[in-house]
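S.K.: Pasting a structure here, questions to come.
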Ligand code: FA5
């Protein structure tokens, strides 16, 4: 039947045009052409139905409806398909290379302190923590630093202007940014009976003049070992093993007589590294007065303690020329570690 061929021709042409439309605008043009109510090609086909014989009319009418439904459905599907990806891709060009996230890294001093903890952990030392805001008792009194000792001078410490420091109670209750990690020695010994074997790492604060090797905020690693018969020879061995493990070569340790109120005898610790003696910290045997202050029996136990400057080690290892670079937050510097 001629009319059936015309329907089929229309159907194929419409489906092909729908599939070929690449934008909603093109698809709309196809819709107008094939399904438009006024002058569309469907309208023409509908006109043909009137011309067939009344017997054929129901069959032709049914065929017409099938073709129309099929073309309309194809149009809807194509419309959805053309709109869908456009919505998802709005503002996103999926062909662009991905943005590499700017990955941070741990600060060189944090890396150094983590490594210190690892090394000392292998030597049997646990890690202890203490507050950066300290009271005078833990920063001075329990460490045998007397009232008139110059180390307590307000000009040499960062005392905090709390309400309590204005009162007569000041001496007992004044607080300051700790000037040394030795405060943690006291806090640990107050908490637990001997034996003790700890390190404590963290920030300390002193109003020192800033230069290439000094800062008003720096880091120390405190070490404390208290047990029966702890000796100075053990102290030297621990320090040598530690320095060798960190710097990766056999370093020598030298003790020079010194004075700290909380150790007796006291020493400055030097390390032979790269053809030079470098001062790395202070150390000594824990003063019996300190052991007594925390309730230990100095007749029964003895101990050694040391406090090392973390920056000095880190600078030595990486050849860092100025301590200020650690706190300038210049990523060109930080990225190198
Ligand atoms: C002390 O702080 C003692 N608490 C060490 C100690 C602990 C002695 C236990 C005995 C027993 P000293 O003030 O010397 O000691 O400081 C120790 C180290 O900290 C120094 O050798 C140095 O490496 C570092 N240091 C001191 N002041 C600064 C500063 N302003 N900037 C950077 N590092 C510093």
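None of the figures in this text is laboratory data; all of them are computed from the coordinates on show. Owing to the predicted nature of the structure, the values given are computational and were not obtained by experimental measurement. Don't worry about glycine lacking a Cβ; one is built from the backbone with ideal geometry, like all the others, and counts go over all protein chains shown.
S.K.: Compute the distance from the alpha-carbon center of the range 290-337 to that of the range 28-45, in whole Å.
M.R.: Using only Cα atoms, the two centres lie 85 Å from each other.
S.K.: Rank the residues 326, 158 as a footprinting-exposure proxy: fewest other Cβ atoms within 10 Å of their Cβ go first.
M.R.: 158, 326
S.K.: How big is the Cα convex hull of the chain in projection, averaged over all directions, in nm²?
M.R.: Working: hull surface 132.9 nm².
Its average projected convex-hull area is 33.2 nm².
S.K.: Arrange the following residues from fewest to most other Cβ atoms within 10 Å of their Cβ: 145, 186, 92.
M.R.: Fewest-to-most Cβ neighbours within 10 Å comes out as 92, 145, 186.
S.K.: Hey, in the GNM for the chain with a 10 angstrom Cα cutoff, which one of 227, 148, 250 fluctuates hardest?
M.R.: Greatest mean-square fluctuation among the candidates belongs to 148.
S.K.: Still on this structure, I have one more. Most mobile of 192, 12, 234 per a Gaussian network model of the chain (Cα springs, under 10 Å)?
M.R.: With Cα springs under 10 Å in the chain, the top fluctuation among 192, 12, 234 is at 12.
S.K.: At 0.36 nm per residue, minus the direct Cα-Cα distance, what do residue 234 and residue 44 gain on full extension? Give it in nm, one decimal, please. The partial results should precede the final answer.
M.R.: Values: separation 190, 0.36 × 190 = 68.40 nm, distance 10.67 nm.
Length gained between residue 234 and residue 44: 57.7 nm.
S.K.: From a point 7 Å beyond the Cα of residue 216 in the direction of its Cβ, which residues of the range 131-156 have a backbone N at a distance under 15 Å?
M.R.: Only 154-156 fall inside the zone, counting backbone N under 15 Å.
S.K.: How many nm is it between the label spots at residue 256 and residue 73, if each spot is 7 Å from the Cα in line with the beta carbon?
M.R.: Each label point is offset 7 Å from its Cα along the Cβ direction, giving 9.5 nm.
S.K.: Among 137, 129, which comes first, then next, by fewest other beta-carbon atoms within 10 Å?
M.R.: Ranking 137, 129 by Cβ neighbours within 10 Å, fewest first, gives 129, 137.
S.K.: How many angstrom lie between the Cα centre of the range 53-72 and the Cα centre of the range 182-208?
M.R.: 95
S.K.: Give the angle, between 0 and 90 degrees and rounded to the nearest 10, that separates the Cα long axis of helix 57-89 from the longest principal axis of the Cα atoms of the chain.
M.R.: 20
S.K.: Let me ask you something else. Modelling each spin label as a point 7 Å along the Cα-to-Cβ direction, I'd like the residue 84/residue 59 distance in nm, to one decimal.
M.R.: 3.9
S.K.: While we're here: Whole Å is fine, so just give me how far the alpha carbon centre of the range 98-141 lies from that of the range 266-285.
M.R.: Using only Cα atoms, the two centres lie 21 Å from each other.
S.K.: Tilt of helix 182-191 relative to the longest C-alpha principal axis of the chain, in degrees (0 to 90, nearest 10)?
M.R.: Roughly 90 degrees between the two axes.
S.K.: Pick from 306, 140, 64: which is most flexible by mean-square fluctuation in a GNM of the chain where alpha carbon atoms under 10 Å apart are linked?
M.R.: Maximum among the listed residues: 64.
S.K.: In addition: Pull out a ≥ b ≥ c, the square roots of the eigenvalues of the alpha-carbon gyration tensor of the range 2-90, then state rounded if a/c is under 1.5, prolate if not and a/b is larger than b/c, and oblate in the remaining case. Please list the in-between numbers first.
M.R.: Values: a/c = 3.13, a/b = 2.65, b/c = 1.18.
Since a/c reaches 1.5 and a/b is larger than b/c, the shape of the range 2-90 is classed as prolate.
S.K.: Kindly provide the helix-only [θ] at 222 nm of the chain, computed as the sum of -39,500 (n - 2.57) over DSSP H runs of four or more divided by all residues, to the nearest 500 deg cm²/dmol?
M.R.: -13000 deg cm²/dmol
S.K.: If one takes the longest principal axis of the Cα atoms in the chain, at what angle in degrees, from 0 to 90 and to the nearest 10, does the Cα axis of helix 2-20 lie?
M.R.: Helix 2-20 and the main axis of the chain meet at about 20 degrees.
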